[in-house]
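Okay, so here's the structure we're looking at.
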Amino acid sequence: MSRLRTFAAAASSVPITLFGLVLVTFLIGRVMPIDPIIAIVGDHAQNDVVEAARLQLGLDRPLAVQFWLYVKLLMQGDLGRSVMTSNPVTRDIAQYFPATIELATVAILIAVAIGIPLGVLAAVRRGSWVDHGVRVFCLAGHSIPIFLLALIGLLVFYATLGWTPGTGRSDVGLEGMVPDVTGFLTIDALLARDWESLRDACAHLVLPAGVLAYFSMAYIARMTRAFMLDALSGEFVITARAKGLSAARVIWRHAFPNIAVRLVTVLALTYAGLLEGAVVTETVFGWPGLGQYLTISLLNADMNAVLGATLVIGLSYLLLNLLADAAYRLLDPRVR
């Protein structure tokens, strides 16, 4: 019962936040200097055609009425129809979003596998050359713009060394060879036992996921180092050392579990940031995910697609933040 109350407390602010997200998304679509009617009927359409389309879409009505109609359609799961693809936006998002989730998931796994040990190592070796090296490495990863990291990665590992394939999610000759079951190419190739497509999909994942992972790993390592420095100065660690416990046992059995709760929040928000910030990476690498879909839709003044993709990304961030807050409350009794 206490866990249910904890989750309810964490979820109590969701309706207000969700309403704010919908409102901001709606207002963005109305204040942007792009006329969605022109995108539908074309630049050279006659005035009567433009006005007829405006009346049909309800854009002649007061802003409050337009917002109510927008919310009413959202409650029915209707994000409108994309001008660019002529498909419902929900269908397009269901097609493109799995590629973004796949890329962000691989990136966060790499970032966690490298960033946490680096942060622990830097904290344990505080003030040494190892600590300084880790901090410089992380500072570079967190400071260099991600589009520049992506371009450098393509130049070095693809154009110069030839270690990785080019842009895209798979080679042209293998596109459509794997049945689309889950939307995740690696999982679908594994289910189909198509090992060639699986190797190709993994090869195309390495470079964009590595770029995102480096950017995220820098933040994870820095936060892990800060948390570990605080934990290593605690009285329980001093007591454990006085008992003669080994350094590894003190670090991983006493100090690290004490920071694991705070790391959960960091990792959840970092993962949400990857889903949100993959726009630039997907554009550079030609990755057919939600970020590229959002960028192309914006360039084509496809406002239904832009607002739908923005709303989905914001909702993902909200849900992950909610889960992180609930996990924090469940794992740390002091927060209750």
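Any residue in segment 125-136 that's in the same structural domain as A218 (by TED's automatic domain parsing) and at pLDDT below 90: show its pairings with residues that are surrounded by 14 or more Cβ atoms within 10 Å (Cβ to Cβ) and outside any helix (DSSP H, G or I) at Cβ separation under 8 Å, as long as the two are six or more apart or on different chains.
D131/R125
Please verify whether I114 is in contact (Cβ under 8 Å) with a residue 24 or more places away in the chain, farther than 28 Å from P15 by Cβ and not aromatic (F, W, Y), treating the condition exactly as stated.
Numbers: in contact (Cβ under 8 Å) with a residue 24 or more places away in the chain: yes; farther than 28 Å from P15 by Cβ: yes; not aromatic (F, W, Y): yes.
It is true that I114 is in contact (Cβ under 8 Å) with a residue 24 or more places away in the chain, farther than 28 Å from P15 by Cβ and not aromatic (F, W, Y).
From the list V279, V261, pick out the single residue that is in contact with a helix residue (DSSP H, G or I) (Cβ under 8 Å, 6 or more places away or on another chain), of a type outside the set (F, W, Y) and surrounded by 19 or more Cβ atoms within 10 Å (Cβ to Cβ). Steps first, answer last, please.
On the way: V261 fails: surrounded by 19 or more Cβ atoms within 10 Å (Cβ to Cβ).
Answer to the selection: V279.
Could you please give the count of residues in segment 158-170 that are loosely packed, with under 12 Cβ neighbours inside 10 Å, among the β-branched types (V, I, T) and in a loop (DSSP other than H, G, I, E, B)?
Summing the residues that are loosely packed, with under 12 Cβ neighbours inside 10 Å, among the β-branched types (V, I, T) and in a loop (DSSP other than H, G, I, E, B) in segment 158-170 gives 0.
State whether one or more residues within segment 313-324 are touching a residue at least 60 places away in the same chain (Cβ under 8 Å), buried (at least 19 other Cβ atoms within 10 Å of the Cβ) and not small (G, A, S).
Going residue by residue through segment 313-324, those that are touching a residue at least 60 places away in the same chain (Cβ under 8 Å) are 314-315, 318, 322, 324.
With buried (at least 19 other Cβ atoms within 10 Å of the Cβ) added as a condition, the list becomes 314, 324.
When the remaining residues are screened for being not small (G, A, S), the result is none.
Looking for residues that are touching a residue at least 60 places away in the same chain (Cβ under 8 Å), buried (at least 19 other Cβ atoms within 10 Å of the Cβ) and not small (G, A, S), one finds none in segment 313-324, hence no.
From the list L155, L149, pick out the single residue that is without any contact (Cβ under 8 Å) to a residue 60 or more places away in the chain and either surrounded by 15 or more Cβ atoms within 10 Å (Cβ to Cβ) or assigned by TED's automatic domain parsing to the domain that holds V279 (or both).
L155
Against the condition β-branched (V, I, T), surrounded by 14 or more Cβ atoms within 10 Å (Cβ to Cβ) and farther than 29 Å from T182 by Cα, how does I108 come out, does it pass? Please lay out each step first, then the result.
On the way: β-branched (V, I, T): yes; surrounded by 14 or more Cβ atoms within 10 Å (Cβ to Cβ): yes; farther than 29 Å from T182 by Cα: no.
Judged against the criteria, I108 is not a match.
So which of A107, A111, A94 is out of contact with any helix residue (DSSP H, G or I) (no Cβ under 9 Å at 6 or more places or on another chain) and assigned by TED's automatic domain parsing to the domain that holds S316? Explain how you work it out, then say what you get.
Numbers: A107 fails: out of contact with any helix residue (DSSP H, G or I) (no Cβ under 9 Å at 6 or more places or on another chain); A111 fails: out of contact with any helix residue (DSSP H, G or I) (no Cβ under 9 Å at 6 or more places or on another chain).
Of A107, A111, A94, the one residue that is out of contact with any helix residue (DSSP H, G or I) (no Cβ under 9 Å at 6 or more places or on another chain) and assigned by TED's automatic domain parsing to the domain that holds S316 is A94.
Could you list all residues from segment 194-234 that are within 17 Å of F256 (Cα to Cα) and assigned to a loop (DSSP other than H, G, I, E, B)?
Answer for segment 194-234, where residues must be within 17 Å of F256 (Cα to Cα) and assigned to a loop (DSSP other than H, G, I, E, B): S233, G234.
Has segment 158-176 got at least one residue that is among the basic types (K, R), farther than 24 Å from T283 by Cβ and under 25 Å from the mean Cα position of the chain (by Cα)?
To start, the set of residues in segment 158-176 that are among the basic types (K, R) comprises 169.
If we keep only those that are farther than 24 Å from T283 by Cβ too, we end up with none.
No, segment 158-176 contains no residue that is among the basic types (K, R), farther than 24 Å from T283 by Cβ and under 25 Å from the mean Cα position of the chain (by Cα).
What single numbered condition from (1) surrounded by fewer than 22 Cβ atoms within 10 Å (Cβ to Cβ); (2) over 22 Å from R222 (Cα atoms) fails to hold for H254?
Failing condition for H254: (2).
Return the total of residues in segment 179-192 being free of Cβ contacts under 8 Å to residues at least 60 places away in the same chain and either within 13 Å of H204 (Cβ to Cβ) or basic (K, R) (or both).
The number of residues fulfilling the criteria is 1.
Residues in segment 55-76: is at least one surrounded by 14 or more Cβ atoms within 10 Å (Cβ to Cβ) and among the small types (G, A, S)?
So far as segment 55-76 goes, no, none of its residues is surrounded by 14 or more Cβ atoms within 10 Å (Cβ to Cβ) and among the small types (G, A, S).
Being in contact with a Ser or Thr (Cβ under 7 Å, 6 or more places away or on another chain) and part of a loop (DSSP other than H, G, I, E, B) is the filter; apply it to segment 171-193 and report the residue that is surrounded by the fewest Cβ atoms within 10 Å (Cβ to Cβ).
First pass over segment 171-193, keeping only residues in contact with a Ser or Thr (Cβ under 7 Å, 6 or more places away or on another chain): 174, 177-178, 185, 188-189.
Restricting the remaining residues to those that are part of a loop (DSSP other than H, G, I, E, B) gives 177-178.
Working: M177: 14, V178: 22.
Going through the qualifying residues, I end up with M177.
Quick check on segment 78-87. Is at least one of its residues over 30 Å from C202 (Cα atoms), out of contact with any Phe, Trp or Tyr (no Cβ under 7 Å at 6 or more places or on another chain) and free of Cβ contacts under 8 Å to residues at least 60 places away in the same chain? If you could, list the steps in order and put the result at the bottom.
To start, the set of residues in segment 78-87 that are over 30 Å from C202 (Cα atoms) comprises 78-83, 86.
Right, trim to out of contact with any Phe, Trp or Tyr (no Cβ under 7 Å at 6 or more places or on another chain) and you get 78-83, 86.
Next, only the ones that are free of Cβ contacts under 8 Å to residues at least 60 places away in the same chain stay: 78, 86.
Taking every residue of segment 78-87 in turn, at least one turns out to be over 30 Å from C202 (Cα atoms), out of contact with any Phe, Trp or Tyr (no Cβ under 7 Å at 6 or more places or on another chain) and free of Cβ contacts under 8 Å to residues at least 60 places away in the same chain.
The values are calculated or read from the model by the stated rules, or taken from the named source; none is laboratory data. None of the values given here were measured: they were computed from a predicted structure. Note that each Cβ is placed from the backbone with ideal geometry, even for glycine, and that neighbours are counted across all protein chains shown.
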